[in-house]
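Remarks on the structure that follows.
The values are calculated or read from the model by the stated rules, or taken from the named source; none is laboratory data. Keep in mind the model is a prediction, meaning the values are calculated, not measured. We place every Cβ from the backbone using ideal geometry, glycine too, and count neighbours over all the protein chains shown. Note: accessible area is taken over every heavy atom of the protein model, side chains too, but ligands, DNA and RNA are not part of it. Shrake-Rupley method; radii C 1.70, N 1.55, O 1.52, S 1.80 Å.
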Amino acid sequence: MAVLFNQETQVFMLQTQHCAYQMKVAEYGVLLHLYYGQRIDDCDLSYLIQRTDRGFCGNPYEMQQDRTFSLDYFPQEYSCFGIGDYRTDCVKVINSDGSCAVDYRYDSYEIKKGKYRLEGLPSLFAEEEEGETLIIRMKDIHTHMMLELYYGVLENADVITRAARIINGGKAEVVLKRAMSMCLDFPHDHMDWIHFYGKHTMEREVERSRLIHGRQSICSERGTSSHQHNPFVILCDPMCSEDAGDCYGVGLIYSGSFLAEAEVDQFHQTRLVVGTSPDQFSWMLKPGEGFMTPEAVMIYSGEGFTSLSHRFHYMARKHLIRGEWAKKRRPILINNWEATYFNFNGEKLIRIAEEAKELGIEMLVLDDGWFGKRDSDYSGLGDWTVNEKKLGGTLKALAEKINSLGMKFGLWVEPEMISEDSNLYRSHPDWAMRIPGRPGNVARSQFVLDFSRPEVVDGIQDMIFKILDEVHIEYIKWDFNRSISNYFSATLPINRQGEIGYRYMLGLYRFLENLITRYPYILLEGCSGGGGRFDFGMLHYSPQIWCSDDTDAVERLKIHYGTTFGYPVSSIGAHVSASPNHQTGRHTPLETRGTVAMTGTFGYELDLGTLSAEEKEIVKRQIEEYKAHYDLINNGSFYRLSSPYGECRAVAWAFVSPDKEECLFCAVMTKLQSNPDGVVIKLKGLEPKRRYQVEDKVYTGEMLMYGGILLPLPKEEYQAWRYYMRAI
Ligand code: GLA
């Protein structure tokens with residue numbers, strides 16, 4: 001049983017294969033958090049809380065003369081604002097009398113087989129026997145505000161999910177100002193936190209720092225999870241490494257604005273809260289109404305980051321990503337964007353497809369520029385009608401032609417946007433999110449459509465579905481190329497404008513849900529100027545996400561490295577592009593670009609016509625190799641062997657099959673030296689006593705893991721090596 005309640009001690013215990021999580025109903029129904037870490041059996045860890053009279057730490061009224069019970073330092077399961085816990089909190093309301101306090105006390109619980117799902121929001125799924133649900137109900141007896149805390153426990157996956165529903169059980173309206181998805185209190189501050197920051201064309205850089213007193217946070221106010229910060233954080237022991245140490249990963253299954261905030265308090269205790277960003281947020285709760293937060297997923301490992309990542313990868317592959325493409329081998333694609341940008345016509349596309357087919361590529365993706373008046377990024381968004389003049393015929397005819405070559409056909413869309421210079425804008429100016437009386441803020445010369453309005457979502461959906469009904473399209477790249485600002489919705493009452501961001505996400509998720517339900521055969525690739533919406537929310541609908549608009553293989557080493565802490569390789573959209581690279585101007589060998597793109601969904605994005613005969617042979621071999629190792633790469637265990645931030649002159653990684661029979665080792669020499677030192681990389685995850693064939697040599701697993709591999713002397717800058725190893 002994954003969820004236990006001990007009537008006598010009033011302790012709730014959640015157990016997974018390797019972890020346990022504990023909370024307790026304490027005096028007067030206060031729900032205390034007691035533990036999260038290595039698996040332990042039923043017990044009561046509340047003795048670990050120091051009960052003493054601490055200065056300026058008030059006490060619940062019921063405690064009367066007893067000053068040893070204080071919400072200001074006791075670990076809380078879901079902390080409330082305004083009642084004497086001054087640390088960062090989970091829930092804040094404005095009651096009908098103008099006061100801001102809410103005081104949730106335990107009411108009841110329910111344990112169910114199977115994992116709960118959220119309505120209208122992405123959440124983990126599981127077979128009934130794979131999970132259990134605990135719902136804890138809490139109440140503020142003074143205002144009748146209610147709270148349901150949801151816990152999903154996936155025992156084998158070592159996953160605990162959380163979400164909260166805040167319900168107005170009273171008779172007057174209440175405004176919700178803050179509703180976080182989870183809270184995690186630790187009795188100490190011996191912790192680093194790791195988060196993944198970045199910018200457009202350089203996402204998910206790794207930053208690790210010691211937690212300090214006070215609040216530290218990362219967030220997005222951009223209406224997307226953003227390039228700048230990712231809704232995935234790790235708290236860990238300061239000594240934690242890839243292979244050892246306690247670490248806790250928390251990911252938010254949500255693609256909009258978010259907040260992840262850690263606080264070290266006056267008694268050197270740590271709290272982490274994660275949820276939607278409260279800054280642009282408010283939600284009107286009429287009597288009887290409830291608000292559901294997005295889901296957060298928590299994973300603990302006592303064995304360092306590699307094991308934490310493996311658990312996150314497993315969770316995403318098994319319990320998050322949906323549809324037939326979650327498991328099926330994805331086609332190797334050629335995308336025309338970096339080959340042509342807006343400058344293409346039907347003939348050119350067919351030429352690209354023919355060349356690609358010759359090399360073994362399986363799908364042509366037609367990127368931006370095929371619709372409306374769209375020969376640049378100044379116009380046309382919102383007009384989802386085919387530019388037949390440019391294509392030299394219908395889209396259907398083009399797709400048929402591509403199909404007749406034996407290739408699949410895929411299409412780019414950016415459904416959430418509108419250009420001022422578009423027919424859509426001319427007929428529905430109020431569909432663009434813009435504050436009346438202000439010109440607004442343009443980015444890439446476009447505005448964001450108000451997806452908080454169902455009729456706007458439906459209008460765009462109709463246009464896109466019309467095309468998908470007519471044309472045989474087997475892949476969609478769903479893009480989003482700016483941040484949201486100037487939030488305003490023409491149809492929402494003035495006192496509900498704070499709901500736009502969240503309603504927007506509900507609109508987006510509804511559209512995505514409709515899309516994958518109606519066209520289950522379509523492979524969806526998420527995108528937001530590359531990796532600006534690379535999160536667990538989007539992954540629920542799109543098995544892969546274009547990882548970055550930076551296709552430079554060397555910069556991608558860092559981007560892929562950071563991304564793999566939380567996200568599986570099978571989700572990382574990666575293409576081989578031209579050299580010199582269009583974003584950085586860097587020259588890299590074709591083999592290196594292939595090696596890096598293979599740590600992902602693998603495809604090409606360059607003018608194949610410019611390749612020499614020799615390069616074409618390399619491309620053919622890369623494609624065959626990727627296909628041959630597809631399972632190993634996408635379903636194997638991924639090991640980060642050396643860090644792009646470290647001293648090592650090479651960045652190396654490996655994929656190991658679950659049975660440890662096979663391994664694909666990859667390395668790129670990033671720093672050249674004259675009279676060079678040897679670069680030795682130690683493998684991981686192999687069977688020590690087994691013998692592995694590596695090209696024409698045989699090594700034991702222990703030789704490779706404890707001794708390592710000596711990289712050959714490089715012949716050129718950024719040389720890459722791929723070694724396939726097989727147990728004999
Ligand atoms: C974004 C995407 C690119 C490309 C362009 C097209 O930047 O990330 O891959 O699709 O839009 O405008």
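Compute the relative contact order of segment 295-433 as a whole-number percentage, counting only Cα pairs closer than 8 Å that sit 6 or more residues apart in sequence. Walk me through the numbers before you get to the answer.
Numbers: 170 pairs, mean separation 29.6, N = 139.
Rounded, it is 21 percent for segment 295-433.
Rank-order 247-253, 298-304, 115-121, 79-85 by packing density, defined as the average count of other C-beta atoms within 10 Å over each peptide's residues, highest first.
On the way: 247-253: 25.0, 298-304: 22.4, 115-121: 16.7, 79-85: 19.3.
Listed from highest to lowest mean packing, they are 247-253, 298-304, 79-85, 115-121.
How large is the dipole of segment 543-654 about the Cα centre if only Lys and Arg carry +1 and Asp and Glu carry -1, each at its Cβ, rounded to the nearest 20 debye? List each step's numbers first, then the result.
Working: 10 positive and 14 negative charges, 51 e Å.
The dipole of segment 543-654 has a size of about 240 debye.
Report the convex hull volume per residue for segment 640-727, counting only C-alpha atoms, in Å³. List each step's numbers first, then the result.
Details: hull volume 7.8 nm³, N = 88.
Convex hull volume per residue, Cα atoms: 88 Å³.
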Once the dipole of the chain is set up from charges on Cβ (+1 Lys and Arg, -1 Asp and Glu), the residue from the list 262, 563, 182 lying farthest towards its positive end is 563
In nm, the gap between the two label points placed 7 Å beyond Cα toward Cβ at residue 628 and residue 385 is 5.1
Ordering 627-634, 381-388 by per-residue average of other C-beta atoms within 10 angstrom, highest first, gives 381-388, 627-634
Taking R0 as 45 Å and r as the Cβ-Cβ distance between residue 112 and residue 521, the FRET efficiency 1/(1 + (r/R0)^6), rounded to the nearest 0.05, comes to 0.85
Across segment 3-319, qualifying lysine pairs (alpha carbons under 18 Å, at least 8 places apart or different chains) come out at 10
Residues of segment 480-497 with backbone N under 20 Å of the label point set 7 Å from the Cα of residue 378 along Cα→Cβ are 481-482
Here, residue 458 and residue 17, labelled 7 Å along Cα→Cβ, have an inter-label distance in nm of 4.6
If each part is reduced to its alpha-carbon centroid, segment 371-400 and segment 260-292 end up apart, in Å, by 44
Nearest-0.05 FRET efficiency for residue 27 and residue 119 at R0 = 35 Å, using Cβ-Cβ distance, is 0.50
FRET efficiency for residue 698 and residue 127 from the Cβ-Cβ distance with R0 = 35 Å, rounded to 0.05, comes out at 0.25
Once all protein chains are kept in place, residue 43 shows an accessible area at probe 1.4 Å, nearest 10 Å², of 40
Magnitude of the Cβ-charge dipole (Lys and Arg +1, Asp and Glu -1) of the chain about the Cα centre, nearest 20 debye, reported as 620
Distance in nm between residue 706 and residue 156 label points, each 7 Å along Cα→Cβ, equals 3.3
Placing +1 on each Lys and Arg Cβ and -1 on each Asp and Glu Cβ in segment 432-558, then taking the dipole about the Cα centre, the residue among 486, 540, 551 whose Cα reaches farthest towards the positive end is 486
Once the dipole of segment 332-635 is set up from charges on Cβ (+1 Lys and Arg, -1 Asp and Glu), the residue from the list 406, 522, 353 lying farthest towards its positive end is 522
Check: C-alpha center segment 459-511 vs C-alpha center segment 647-708, spacing in Å is 46
For segment 66-140, Rg(Cα) over 2.2 N^0.38 Å is 1.44
To the nearest 20 debye, segment 18-89 has a Cα-centred charge dipole, built from +1 on Lys and Arg Cβ and -1 on Asp and Glu Cβ, of 180
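Full-extension gain between residue 722 and residue 40, please, as 0.36 nm times their residue separation minus the C-alpha to C-alpha distance.
Working: separation 682, 0.36 × 682 = 245.52 nm, distance 4.20 nm.
Difference between extended and current length: 241.3 nm.
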Ordering 453-462, 520-529 by per-residue average of other C-beta atoms within 10 angstrom, highest first, gives 520-529, 453-462
One point scatterer per Cα, no solvent, Debye formula: log10 I(q)/I(0) for the chain at q = 0.06, 0.08 Å⁻¹ comes out as -0.37, -0.66
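Per residue, how much accessible surface does segment 640-727 expose to a 1.4 Å probe? Answer in Å², no decimals. Present the calculation step by step, with values, prior to reporting the outcome.
Values: 4410 Å² over 88 residues.
Value for segment 640-727: 50 Å² per residue.
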Partner lysines whose C-alpha sits under 28 Å from that of residue 348, ignoring same-chain residues fewer than 8 away, are 357, 373, 389, 390, 396, 401, 408, 466, 477, 616, 620, 627
In segment 335-376, the GluC sites (Glu not before Pro) that sit in a DSSP loop and have at most 16 other Cβ atoms within 10 Å of their own Cβ are none
So residue 267 and residue 135, fully extended at 0.36 nm per residue minus their Cα-Cα distance, gain in nm 44.5 nm
